[in-house]
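Undergrad: Have a look at this one before I ask anything.
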Amino acid sequence: MALPPQLKSIQHHLRTAQEHEKRDPVVAYYCRLYAMQTGMKLDSKTPECRKFLVKLMDQLETMKKELADNDSITQEVVGNAHIENYALKMFLYADNEDRSGRFHKNMIKSFYTSSLLLDVLSVFGELSEENIQHRKYARWKATYIHNCLKNGENPQ
Amino acid sequence: TGSVGTSVASAEQDELSSRLAKLRDQM
């Protein structure tokens with residue numbers, strides 16, 4: 001179903017969910033939960049947004065049943081650790097590539113996806129100051145390196 | 001129709017909120 005323009009700011013979280021559907025269903029589940037909660041704050045009034053959010057809720061409830069025996073879904077504290085570990089693993093991979101002077105699409109995507117997953121962590125509560133800094137740095141680096149490569153410049 | 005539409009919308013919103021709360025409660 002097409003994403004209504006009012007819900008544009010959750011499109012990358014939903015795409016990350018799709019990318020992880022098979023690879024890591026727990027990540028997919030929490031990306032969709034974050035998108036659901038954020039979407040309801042953005043706009044649950046206009047008919048097309050409500051329709052989209054109802055479909056997303058259907059998907060979440062189905063996933064919940066499919067993952068019923070997974071601790072990361074039934075216990076928030078386990079889910080929180082799962083997402084945080086995954087986000088930081090992606091961040092460290094990208095940061096290592098950056099420090100080694102290896103700039104490429106994969107590392108840009110890893111920086112950006114780690115920043116999206118740090119957004120998702122907010123479903124478990126306030127982000128730590130460290131995670132807020134990581135998210136800011138990761139998003140800035142992804143944008144900076146992407147623009148350098150696009151303009152044929154060498155990132156510093 | 002305006003008021004009917006609005007009440008349908010808010011009923012659906014309430015339903016979404018309660019489904020979300022239920023989804024999270026079971027975590």
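Undergrad: What ranking do A:95, B:25 get, fewest neighbouring Cβ atoms within 10 angstrom at the top?
TA: B:25, A:95
Undergrad: Just want the ordering: A:16, B:6, from fewest to most Cβ atoms lying within 10 Å of their own Cβ. Spell out each step's value before the answer.
TA: Working: A:16 23, B:6 11.
Ascending Cβ contact count within 10 Å gives the list B:6, A:16.
Undergrad: Residue by residue through B:12-23, how many Cβ atoms from other chains fall within 10 Å of the Cβ on average?
TA: 4
Undergrad: Additional query: Apply 1/(1 + (r/R0)^6) to the Cβ-Cβ distance of residue A:67 and residue A:1, taking R0 = 30 Å, and write down the FRET efficiency to the nearest 0.05. Intermediate results must be reported in sequence, preceding the final value.
TA: Numbers: r = 22 Å, r/R0 = 0.74.
Computed FRET efficiency for residue A:67 and residue A:1: 0.85.
Undergrad: Can you put A:112, A:93 in order, fewest other beta carbons within 10 Å first? Before the final figure, lay out each step's value.
TA: Working: A:112 21, A:93 15.
The order, fewest Cβ neighbours first, is A:93, A:112.
Undergrad: Still on this structure, I have one more. Run the simple label-point estimate for residue A:19 and residue A:37 please: 7 Å along Cα→C-beta, distance reported in nm.
TA: Those two pseudo-labels are separated by 2.2 nm.
Values quoted throughout were computed directly from the atomic coordinates according to the rules given, and no laboratory measurement underlies them. Here the structure is a predicted model, which is why all the values come from computation and not from measurement. Cβ sites come from the backbone with ideal geometry, for glycine too, and all protein chains shown count toward neighbours.
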